[in-house]
1. How big, on average over all directions, is the shadow cast by the Cα convex hull of the stretch 232-310, in nm²?
2. Considering only protein heavy atoms and a probe of 1.4 Å, how much of the accessible area of the stretch 403-517 is carbon and sulfur, as a whole percent?
3. What is the local net charge at Gln406, summed over the other residues whose Cβ is closer than 14 Å to its Cβ (Lys, Arg +1; Asp, Glu -1)?
4. With a Förster radius of 41 Å, plug the Cβ-Cβ distance of Thr164 and Leu375 into 1/(1 + (r/R0)^6) and report the FRET value to the nearest 0.05.
5. Between Asn382 and Ser465, what length comes free when the chain is fully extended (0.36 nm per residue of separation minus the Cα-Cα distance, one decimal in nm)?
6. So which lysines pass the test for Lys362, namely a Cα distance under 16 Å, with those fewer than 8 places away in the same chain ruled out?
7. Which value in nm describes the separation of the simple spin-label points at Glu326 and Glu172, placed 7 Å from the Cα toward the beta carbon?
8. One-quarter of the Cα convex hull surface for the stretch 403-517, in nm²?
Amino acid sequence: MINKLSKRLSIRTKQAAKPEPHEPGSAGAPTSGGGGAAAPTPAPAAAATPATGPNPRGVTAPATGARAPPAPSRTSNVATPAPAGRVGQGKDKMSPTLTLNNGPGPFFEPLPAFRDLPSADRQNLFIKKLNLCCYTFDFTDPTKNVKEKETKRQTLLELVEYVTSGTGKFTEAVFEDITKMLVTNLFRTLPPSSHENTGTENFDPEEEEPTMEPAWPHLQIVYEFLLRYIVSSETDAKLAKRYIDHSFVLRLLDLFDSEDPREREYLKTILHRIYGKFMVHRPFIRKAINNIFYRFIFETEKHNGIAELLEILGSIINGFALPLKEEHKLFLVRALIPLHKPKCVSMYHQQLSYCITQFVEKDFKLADTVIRGLLKYWPVTNSQKEVLFLGELEEVLEATQAAEFQRCMVPLFRQIGRCLNSAHFQVAERALFLWNNDHIVSLVAQNRQVVLPLIFSALERNTRSHWNQAVHGLTLNVRKMFLEMDQDLFQECQRKFQEDEAKAKDLEEKRESTWTRLEAAATSRPLSSEAMLGSQGLNNNLAYGNRAMDGESQ
């Protein structure tokens with residue numbers, strides 16, 4: 001059983017190394033009901049405070065708290081949990097526990113496997129194994145504590161198997177020990193990014209390889225344990241919320257900044273399950289994610305887990321009840337729309353676009369707000385970002401109704417007209433692709449009296465002078481579509497364009513003529529007497545100054 005579990009974990013690791021976007025409702029999308037104020041929760045019974053003292057073998061003692069083992073002896077090489085009483089005398093397939101030893105290395109006192117004990121004694125053994133797993137190791141040196149690391153890995157696999165089997169309800173004392181083990185193993189200070197260490201300024205997260213977590217062989221199993229523990233029917237949410245509290249959730253959210261994509265995949269699934277099971281924490285989780293977004297947008301513009309957080313939110317938004325609360329609309333305006341601002345928006349744009357579209361589909365009246373927000377943050381010099389914005393704009397327009405379209409169509413098609421004339425062919429091409437969408441064509445046809453005059457000059461300039469052949473062909477197709485749509489309007493726009501063009505030409509000729517006359521007048525008119533006197537006075541002053549300097553030097 002343990003070998004099968006280990007294989008499943010290794011397969012999940014390979015899949016998470018190249019994470020693909022998940023369907024945001026697939027992991028049991030929680031609804032947003034019960035969003036009342038969270039009940040006050042006590043602090044967790046076991047805070048992660050590493051033991052101090054010499055530690056020559058790179059083994060870290062577990063956090064202090066209830067059922068915590070005593071501090072290691074100064075002469076011992078390996079820390080050990082205190083024995084909690086003998087639990088059976090199984091002889092085969094034993095689980096070893098680390099024990100004090102004054103010699104050069106540790107020896108092992110076996111603990112029995114769960115299946116070797118009667119059901120009544122298994123929970124005590126479960127607590128002992130949890131205490132054993134509270135020891136952490138230095139994984140930066142693979143040659144250190146090899147046997148002890150393997151011992152802990154096997155014990156973690158046994159714990160996962162025990163939680164999965166659902167052998168009985170967990171008592172409150174067990175919740176305390178589980179929390180202590182999770183806090184000790186998971187919550188840690190993340191190392192600085194590699195580009196921060198080297199001082200690289202022009203860092204591109206899409207091109208750089210992420211730094212993998214060296215302790216992942218153990219961390220993966222701990223995350224699997226936490227996931228099985230949360231989804232287990234034996235975990236009573238009313239009791240567990242005292243330990244999986246606000247502090248626990250905040251520290252879990254801090255780990256989303258990990259560079260390792262495998263860790264972020266686990267965190268995404270676990271936080272989603274916590275949101276679904278602990279309804280009392282839902283408002284707090286949404287607010288905490290908001291705060292991460294605010295800091296990312298307005299302060300740092302650096303965070304590794306924005307895409308995963310948005311994927312969770314996509315599922316949460318999908319479950320929002322109608323009509324939408326004011327809190328949810330403020331979240332759209334204050335957090336989601338400003339997320340278009342950072343330079344690295346391409347790292348999470350797919351998930352962001354999904355969240356934005358979900359809001360418009362929930363409440364079509366938000367379309368005007370969203371489109372104006374996109375126009376506010378529209379890129380000026382970043383062509384790839386413009387292509388992303390145009391794609392998102394098409395998705396929003398698909399969910400937009402005629403009344404909301406009319407409110408924003410003037411600024412919208414002014415911007416689209418600028419995109420049509422972009423020298424970057426991908427931007428112009430993506431803007432022209434909007435007319436491949438039947439719903440958008442229908443909206444434009446209903447409002448052609450306003451839309452066509454806004455973009456006619458851009459279409460004409462493209463047909464005359466755009467360098468890219470594909471853009472030139474697409475422009476002719478759109479132009480033909482408008483001609484068939486309303487020939488009289490098209491001819492009126494063409495006549496006005498020609499008039500504006502003639503006026504602009506006349507204005508340019510007048511400007512050139514004026515400059516020519518000014519240049520001729522400047523060359524033919526002699527220098528005035530006042531200007532000559534001013535020039536003579538300046539020369540006299542310079543001469544006097546030079547004589548004074550010569551006198552001082554003598």
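1. Numbers: hull surface 21.2 nm².
Mean orientational projected area (the stretch 232-310, Cα hull): 5.3 nm².
2. Values: 3300 of 6500 Å².
Of all accessible area on the stretch 403-517, carbon and sulfur atoms account for 51 percent.
3. +2
4. Details: r = 51 Å, r/R0 = 1.24.
Between Thr164 and Leu375 the formula returns 0.20.
5. On the way: separation 83, 0.36 × 83 = 29.88 nm, distance 2.26 nm.
Gain on extension, Asn382 to Ser465, equals 27.6 nm.
6. The reachable lysines, counting only those whose Cα sits under 16 Å from Lys362, are Lys325, Lys329.
7. Taking the simple label geometry, Glu326 and Glu172 are separated by 3.9 nm.
8. Numbers: hull surface 33.0 nm².
For the stretch 403-517, averaging the hull's shadow over all directions gives 8.2 nm².
The values are calculated or read from the model by the stated rules, or taken from the named source; none is laboratory data. The model shown is predicted, which means the values in this text are computed figures rather than measured ones. Virtual Cβ from ideal backbone geometry, glycine too; neighbours counted across all protein chains shown. All accessible areas refer to the heavy atoms of the entire protein, side chains included, with ligands and DNA or RNA removed. Shrake-Rupley method; radii C 1.70, N 1.55, O 1.52, S 1.80 Å.
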